[in-house]
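This report concerns only the one structure given below.
The values are calculated or read from the model by the stated rules, or taken from the named source; none is laboratory data. It should be emphasised that the depicted structure is a prediction, and the values quoted were computed from it without experimental measurement. Cβ placement follows ideal geometry from the backbone for every residue including glycine, while neighbour counts extend to all protein chains displayed. The accessibility values were calculated without ligands, DNA or RNA, using every heavy atom of the protein model including side chains. Shrake-Rupley method; radii C 1.70, N 1.55, O 1.52, S 1.80 Å.
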Amino acid sequence: MPASKHDPHNLRELAATVVIGYRIARREEKGKPTKALENRAARIREKAQEREDAKAKARKK
């Protein structure tokens, strides 16, 4: 179930994205690369959107 009607993320995905964002900020402060964390956040976002698109498609049938 999405956390709100405006975004596809559920609460677990929102929490994971916030933690990843925090880790990205900390690594940027230290001058370390963040690409892997950014990719993980993107995968979470894509997976959530695909799930919600599939649910919307199923409702239209």
Inset, instruction - Please identify, among E13, E46, E28, the residue showing maximal mean-square fluctuation in a Gaussian network model of the chain using a 10 angstrom Cα cutoff. - result: E28
Inset, instruction - Kindly express, to the nearest 10 degrees and within the range 0 to 90, the angle between helix 35-60's C-alpha long axis and the longest C-alpha principal axis of the chain. - result: 10 degrees
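Rounded to a whole number of µm²/s, how large is the Stokes-Einstein D of the chain at 37 °C and 0.692 mPa s, given Rh as the Kirkwood radius over C-alpha pairs? Please list the in-between numbers first.
Working: Rh = 12.7 Å.
D = 258 µm²/s.
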Inset, instruction - Would you compute, from DSSP H runs of 4+ residues alone, the mean residue ellipticity of the chain at 222 nm, taking -39500 (n - 2.57) per run and dividing by the full residue count, rounded to the nearest 500? - result: -26500 deg cm²/dmol
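Please report, as a whole percent, how much of the solvent-accessible surface of the chain comes from carbon and sulfur atoms (probe radius 1.4 Å).
Values: 2780 of 5010 Å².
Exposed carbon and sulfur together represent 56 percent of the surface.
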Legend entry - Under 16 Å from the N10 label point (7 Å along Cα→beta-carbon), backbone N, region 36-54: 44-54
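Using only alpha carbon pairs under 8 Å that are at least six residues apart, calculate the relative contact order of the chain and give it in whole percent.
Values: 31 pairs, mean separation 20.4, N = 61.
Relative contact order for the chain comes out at 33 percent.
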Legend entry - Selected from L11, Y22, A54, residue furthest toward positive end of dipole (the chain; charges at beta carbon): A54
Inset, instruction - Report, in degrees rounded to the nearest 10, the 0 to 90 angle that the Cα long axis of helix 11-30 makes with the longest principal axis of the chain. - result: 20 degrees
Legend entry - lysines with Cα under 25 Å of K47, excluding same-chain neighbours fewer than 8 positions away: K5, K35, K55, K57, K60, K61
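Using the heavy atoms of the protein chains and a 1.4 angstrom probe, tell me the accessible area per residue for the chain in square angstrom.
Working: 5010 Å² over 61 residues.
Accessible area per residue: 82 Å².
Please give the charge dipole size of region 4-46, origin at the Cα centre, charges +1 on K and R Cβ atoms and -1 on D and E Cβ atoms. Round to the nearest 20 debye. Display every interim value, and only then the final one.
On the way: 11 positive and 6 negative charges, 39 e Å.
About 180 debye.
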